[in-house]
1. Could you tell me which of the residues Arg303, Arg286, Arg266 is more than 14 Å from the chain's Cα centre (by Cα), surrounded by 15 or more Cβ atoms within 10 Å (Cβ to Cβ) and on the phi < 0 side of the Ramachandran plot?
2. What are the pairs with Cβ atoms under 9 angstrom where one residue, in segment 289-304, is touching a residue at least 60 places away in the same chain (Cβ under 8 Å) and closer than 19 Å to Arg236 by Cβ and the other, located anywhere, is in a helix (DSSP H, G or I) and of a type in the set (S, T, N, Q)? Sequence gap at least six, or different chains.
3. Specify which of the listed residues (Phe233, Phe242) is in contact with a His (Cβ under 9 Å, 6 or more places away or on another chain), free of Cβ contacts under 8 Å to residues at least 40 places away in the same chain and among the hydrophobic types (A, V, I, L, M, F, W, C).
4. What's the number of the only condition in (1) crowded, with 17+ Cβ neighbours inside 10 Å; (2) among the polar types (S, T, N, Q); (3) more than 26 Å from Arg126 (Cβ to Cβ) that Ser195 fails to meet?
5. Would a scan of segment 280-297 turn up a residue that is modelled with pLDDT of 95 or more, over 30 Å from Ala179 (Cβ atoms) and in contact with a helix residue (DSSP H, G or I) (Cβ under 8 Å, 6 or more places away or on another chain)?
6. Would you mind stating whether Val269 is assigned to a loop (DSSP other than H, G, I, E, B), of a type in the set (Val, Ile, Thr) and at pLDDT 95 or above?
7. Among the numbered criteria (1) closer than 21 Å to Asp117 by Cα; (2) part of a loop (DSSP other than H, G, I, E, B), which one does Cys264 miss?
8. Give segment 243-256 a look and list any residue that's closer than 11 Å to Cys225 by Cβ and surrounded by 24 or more Cβ atoms within 10 Å (Cβ to Cβ), or say none.
Amino acid sequence: MTAPPVEAPAAFEYRSTWEHVAFYAFVILPFIALIAGIVLAAYGDGISWLDVALSMVFYTVTAHGVTVGYHRLLTHRAFRASRPLKIGLAIAGSMAIQGGVIRWVADHRKHHQHSDDTDDPHSPWRFGNGPTALIKGLWWAHTGWLFRREQAVKGRYAPDLLADDDLVVIHRLFPLWVAMSLFLPPALALAITGSWAAALSALLWASLVRIFLLHHVTFAINSVCHVIGRRPFRTRDRSANFWPLAVLSMGESWHNSHHADPACARHGVDRWQLDSSARVIELFERLGWATDVRWPDQARMQRRRRSADEAAIHS
């Protein structure tokens, strides 16, 4: 009696039609809002201080939701979080509108497993090393890969998250977090001022333009930070530290350092490397909400550090 054939594990799973349409909408609509904002700033009343304040608050919260929650906690397990902190960070990350938490983690773990090789979901070196190939690759890594319906298999790359009931519920409620991210800023503006004009202005600046900025800072980690910058540490890929994005990316642009030690809670491991995400994790540790934090091991990092001559060649 012959054994039944064993099916090969699926290489991809496919995004649903509504998710695919939503991805297009949340890449294109914030860009249109940015153009509208520039026109209104030039020819209209400009941007109010309330818009600036709401934009900064929601940018800071949602960006750290991605960097501290989605990335350092849930993807790389750089620390353990209390249940309320885990839930709060996963919701804050979801409000960045970069995909549901389990989807984001699966894609990012696949990126690390195959960084800059043929199975990397978003390597800028996908099409080769020449100037034309690299321009095409930068577009692919920055935005193009988002429009593919083929996705990393969650059961393969994020089985631990699928086994976490809290995260499964948060993932399923992603449309709710999207709605909160979009409509909380104008609701707050309306409550503070009583003005529908202020609410519409907050929808433009503190919702859509803020989403655009955070999206493209995050996308630049996939694209720019695998092409331009310094490479002080030995890695098997082309990840680089790109200092101009350190503040806006909450420390994520120390990308070569991160790829040299992915589970480390601090990416800016050298002096003067700003990393607000590490400061947030440190605060959570002091409050007792984060434990088993994997801070940099200087001896291990020193073993991975290039010599001055090597660093010059790879920068």
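1. Working: Arg303 fails: surrounded by 15 or more Cβ atoms within 10 Å (Cβ to Cβ); Arg286 fails: surrounded by 15 or more Cβ atoms within 10 Å (Cβ to Cβ).
The match here is Arg266.
2. Met301/Ser257
3. Details: Phe233 fails: free of Cβ contacts under 8 Å to residues at least 40 places away in the same chain.
Criteria check complete, one pass: Phe242.
4. That leaves (1) as the condition not met.
5. Taking segment 280-297 first, the residues modelled with pLDDT of 95 or more are 280-295.
Filter once more, so that each one left must be over 30 Å from Ala179 (Cβ atoms): 282, 285-286, 288, 291-295.
Filter once more, so that each one left must be in contact with a helix residue (DSSP H, G or I) (Cβ under 8 Å, 6 or more places away or on another chain): 291, 293.
Looking through segment 280-297, at least one residue is modelled with pLDDT of 95 or more, over 30 Å from Ala179 (Cβ atoms) and in contact with a helix residue (DSSP H, G or I) (Cβ under 8 Å, 6 or more places away or on another chain).
6. Details: assigned to a loop (DSSP other than H, G, I, E, B): yes; of a type in the set (Val, Ile, Thr): yes; at pLDDT 95 or above: no.
No, not satisfied.
7. (1)
8. Filtering segment 243-256 for residues closer than 11 Å to Cys225 by Cβ gives 243-246, 249, 252-256.
Listed by number, the residues that qualify are Ser249, Glu252, Ser253, Trp254, His255, Asn256.
The values are calculated or read from the model by the stated rules, or taken from the named source; none is laboratory data. This structure is a prediction, so every number in the text was calculated from the model and none was measured. No Cβ is skipped: glycine too gets one built from the backbone with ideal geometry, and neighbour counts run over all protein chains shown.
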